[in-house]
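K.L.:
The structure's right below; bear with me while I get my questions together.
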Amino acid sequence: MNTQEYISLLEAFRLSLTTENDPEVNKIVDQINETVANLKTGKYHAVALTSQLFDVVSLVENLLAFNDLKLNTFQSKVWNKLRNATYQRYTKDGNLLNFIPFP
């Protein structure tokens, strides 16, 4: 998935959450805003970018696990695409790190 696709998914998910009036959801929106800004400016690359995406995934997964966040059909569809792409990227980056020799 390219950078623009991540931005589109993050923005769609963020917009779908803006109707929620919950401090925990606001944390997700803030993290999404930061991640999108960093994607647009190219501030982070490779593993650092994956870490930013994974921060969003972790926040949402924690709320879902404790039933503090319920997703509608649209949100679920966008979320599943974003989560799966992030996990694939995370796995790929993790595999790359295993090949880097550390002194």
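The values are calculated or read from the model by the stated rules, or taken from the named source; none is laboratory data. In this text, all values refer to a predicted model and were calculated from it rather than measured experimentally. Because the Cβ atoms are built from the backbone with ideal geometry, glycine has one as well, and the counts that use them run over all protein chains shown. These accessible areas exclude ligands, DNA and RNA; they are computed on the full protein's heavy atoms, side chains included. Shrake-Rupley method; radii C 1.70, N 1.55, O 1.52, S 1.80 Å.
K.L.:
Summing -39500 (n - 2.57) over the DSSP H runs of n ≥ 4 in the chain and dividing by its residue number, what mean residue ellipticity at 222 nm do you reach, to the nearest 500 deg cm²/dmol?
P.N.:
-27000 deg cm²/dmol
K.L.:
Another one. What angle, in degrees between 0 and 90 and rounded to the nearest 10, separates the Cα long axis of helix 46-65 from the longest principal axis of the Cα atoms of the chain?
P.N.:
Approximately 30 degrees, to the nearest ten.
K.L.:
Report P(r) for the chain: all Cα-Cα distances, bin width 10 Å, range 0 to the bin holding the largest distance, values in whole percent.
P.N.:
All Cα pairs considered, the percentages come to 14, 49, 28, 8, 2.
K.L.:
Which order do you get for F13, F66 if you rank them by accessible area with a 1.4 Å probe, largest at the top?
P.N.:
F66, F13
K.L.:
Give, as a single signed number, the net charge of other residues whose beta carbon lies under 12 Å from the beta carbon of Q75, with Lys and Arg counted +1 and Asp and Glu -1.
P.N.:
Computed value for this residue: +4.
K.L.:
Pairing the Cα long axis of helix 73-99 with the longest principal axis of the chain, what angle in degrees results, from 0 to 90 and rounded to the nearest 10?
P.N.:
Relative to the chain, helix 73-99 is tipped by roughly 20 degrees.
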